[in-house]
Amino acid sequence: MNESEMMSLGLAEAADAVARGEVTSVELTQAAIARARKLGPKLNCFAALDATDALREAEKADGERRDGKACGPLHGVPLAHKDLFYRGGKIVACGSKIRKDFVPETTAAVLERLSAAGAVNIGALHMAEFAFSPTGFNEHYGHARNPWNPEHVPGGSSSGSGAAVAARIVFGSLGTDTGGSLRHPASMCGLTGLKPTLTRVSRAGVMPLSHSLDCVGPLARSARDCARLLEVIAGADRADATSSARPVPHYEALLAGGGRGLRVGVPRSYYYEMVSAEIKKLLDESLEALRAMGARVTLVEVPDMNLVNSLAHLIMSVEAATIHRKWLETRREDYAEQVRSRIEPGLLYPATRYCEALAMRAPITREFIDLALKDVDVLHLPAVPIPVPSIEETTRGHPVDVARVIGTVGHCTRGINYLGLPSISVPAGFDAKGLPVAFQLVGRPFSEAKLLRAAHAYQQVTDWHRRSPPMAS
Amino acid sequence: MSKSLLDQIAAELQAVPLSEADAARAAALAGPTNRTVREAADAWLRFEDEPAVYLACLRDQADDR
């Protein structure tokens, strides 16, 4: 297999090829490093490349396979992750100036689980400063770029993850999602991204943005690849007391079954308010494809999502302001103004309002499920309602216009984090400029298996997720 | 600018050095959300609602089909 053939494999295919001895981990890792060196600078998607450690891990993985040791589900597969997962002894800067020299002593539980499953780590991926931007904005280290068109944003805050997986540098990546930070880069880079149910995946050893909303999840090329990653990282963790003790299903084994009988809900209100005409057309076509698979599509009601967004915003800004208060006092000049201005409102809310926002979470989540998900298995929503914006549109021009574009990007995603529900972003085509478009499927708590199965069924009859940007070919 | 007692208490609690412009911008963002959430709490919340109930809600509403 040559480099291009190797890197065009999906994550599960690459792991299976290593397990069968068709390719070695060293070959895959060398190819990933070569691509990181070639494409990484063009996309500004790496915070750090650890070639020496990665090749050592790959040699070890190959040795274990030769010795007949049991191979994990990710044995020998090169990955890289958002630069906010702690790895003992390595700098984890979180896209910030403030933590540019921070070296944690511990390693994030999810990274430990990936290592135990045999994954090879080739480095840390660039991100928005402290995970604070839906576009990937980073004033300190430059913006990561979209492999489909480097003049456009890759989506954020897991911007490097989106760019590196889409450019076929790595087979998959972990990111975090507080208001859409996995689903935005998935949608804008033509990838599949899963935000799990809150508590499904441990957050121990992950730099928080807002602990009531943060979720860790996979970004990869297909639902199958996300299923394999989620099965490895999900489950109870003693280091994260909020992590759920629910058994972890065999997500990949549950992918089969197709879409026949799947009940899909399409909201009557809110979600289509800002959707551009060309994106609406592609969303309609994705619904047609689901119908053709045997899914039943019906219109459903949703509660007041503007209120849900306000609640999410209040909780996020109060919790972020709590985390950042000391640095805001002593190092305020080390924040980009766009980031600081999103944290500071959190200093102004009364404690009673914050408690009210948390206390309303259970009744509003119940109402959402009763209204929108009572008679359907999944909701079909836009992921990002507008075409992928250019870097120019999200950084220059009148601040009001920039704020409007940034606010619109998260219109369909951030409320889902307040509700804590799982959601998967699925590629659904390309806009007139050749940039990716996606829909998201949202389900009841802990319905990840159902979301993955629906997305997988769709990906059996479409090939949007298989397309790769010209620069990656 | 004259300061009310409440302003001074708030400044004491949050020693973040906001300029007038920063404070005005933050207040402009926080103000509408503050009102929206307060009105919703007045309409929604019952005495027995509390944040700790939420994780139980996720478990109760879980997809087991």
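The values are calculated or read from the model by the stated rules, or taken from the named source; none is laboratory data. Treat the numbers as computed from the prediction; the structure is a model and nothing was measured. With ideal geometry, Cβ positions are generated from the backbone for all residues, glycine too; neighbour counts draw on all protein chains shown. Just so you know, the surface numbers come from the protein's heavy atoms only, side chains and all, with ligands and any DNA or RNA stripped out. Shrake-Rupley method; radii C 1.70, N 1.55, O 1.52, S 1.80 Å.
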Selection from the stretch A:324-343 of residues touching a Ser or Thr at 6+ places or on another chain (Cβ under 8 Å) and either free of Cβ contacts under 8 Å to residues at least 12 places away in the same chain or farther than 21 Å from A:VAL402 by Cβ (or both) yields A:ASP334
So A:PRO154 clears everything in (1) over 20 Å from A:ALA320 (Cα atoms); (2) open to solvent by 10 Å² or more (accessible area, probe 1.4 Å) except one condition, right? Which one? (2)
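Among the residues of the stretch A:301-323, are any in a helix (DSSP H, G or I), open to solvent by 60 Å² or more (accessible area, probe 1.4 Å) and hydrophobic (A, V, I, L, M, F, W, C)? Full working, then the answer.
Filtering the stretch A:301-323 for residues in a helix (DSSP H, G or I) gives A:305-323.
Restricting the remaining residues to those that are open to solvent by 60 Å² or more (accessible area, probe 1.4 Å) gives A:306, A:322.
Still in the running and hydrophobic (A, V, I, L, M, F, W, C): none.
Looking through the stretch A:301-323, none of the residues is in a helix (DSSP H, G or I), open to solvent by 60 Å² or more (accessible area, probe 1.4 Å) and hydrophobic (A, V, I, L, M, F, W, C).
Suppose we filter A:PHE368, A:PHE439, A:PHE446 for residues that are of a type in the set (Phe, Trp, Tyr), at pLDDT 95 or above and more than 27 Å from A:ALA320 (Cα to Cα); which single one remains? Reasoning before the result, please.
Values: A:PHE368 fails: more than 27 Å from A:ALA320 (Cα to Cα); A:PHE446 fails: more than 27 Å from A:ALA320 (Cα to Cα).
None of the others qualify; the one that does is A:PHE439.
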Look at the stretch A:353-381 and say how many of its residues are more than 7 Å from chain B (Cβ to nearest Cβ), more than 20 Å from A:PHE446 (Cα to Cα) and acidic (Asp, Glu). 0
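Taking into account only those residues within the stretch A:333-352 that are assigned to a helix (DSSP H, G or I) and surrounded by fewer than 20 Cβ atoms within 10 Å (Cβ to Cβ), which is farthest from the other protein chains (Cβ to nearest Cβ)? So that I can check it myself, show each step before the final result.
Of the stretch A:333-352, the ones assigned to a helix (DSSP H, G or I) are A:333-334, A:337-347, A:351-352.
Within this subset, residues satisfying the condition of being surrounded by fewer than 20 Cβ atoms within 10 Å (Cβ to Cβ) are A:333-334, A:337, A:341, A:351-352.
Numbers: A:GLU333: 11, A:ASP334: 14, A:GLU337: 9, A:SER341: 6, A:ALA351: 10, A:THR352: 8 Å.
Going through the qualifying residues, I end up with A:ASP334.
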For the stretch A:193-248, name all the residues that are within 14 Å of chain B (Cβ to nearest Cβ), among the aliphatic types (A, V, I, L, M) and open to solvent by 20 Å² or more (accessible area, probe 1.4 Å). A:ALA236, A:ALA241, A:ALA245, A:VAL248
Considering only residues of the stretch A:444-464 that are more than 14 Å from chain B (Cβ to nearest Cβ) and crowded, with 24+ Cβ neighbours inside 10 Å, which is farthest from A:SER243 (Cα to Cα)? A:TYR458
Condition first: assigned to a loop (DSSP other than H, G, I, E, B) and either polar (S, T, N, Q) or open to solvent by 30 Å² or more (accessible area, probe 1.4 Å) (or both). Now tell me which residues in the stretch A:268-292 satisfy that. A:ARG268, A:SER269, A:TYR272, A:GLU273, A:MET274, A:SER276
Kindly provide the set of residues from the stretch B:3-52 that are open to solvent by less than 70 Å² (accessible area, probe 1.4 Å), at the interface with another protein chain (Cβ under 7 Å from one of its Cβ atoms) and at pLDDT 90 or above, ordered by number. B:ALA30, B:THR33, B:ASN34, B:THR36, B:VAL37, B:ALA40, B:ALA41, B:LEU45
Would you pick out the residues in the stretch A:249-264 that are out of contact with any Leu (no Cβ under 8 Å at 6 or more places or on another chain) and either within 14 Å of chain B (Cβ to nearest Cβ) or crowded, with 23+ Cβ neighbours inside 10 Å (or both)? A:PRO249, A:GLY257, A:GLY261, A:ARG263
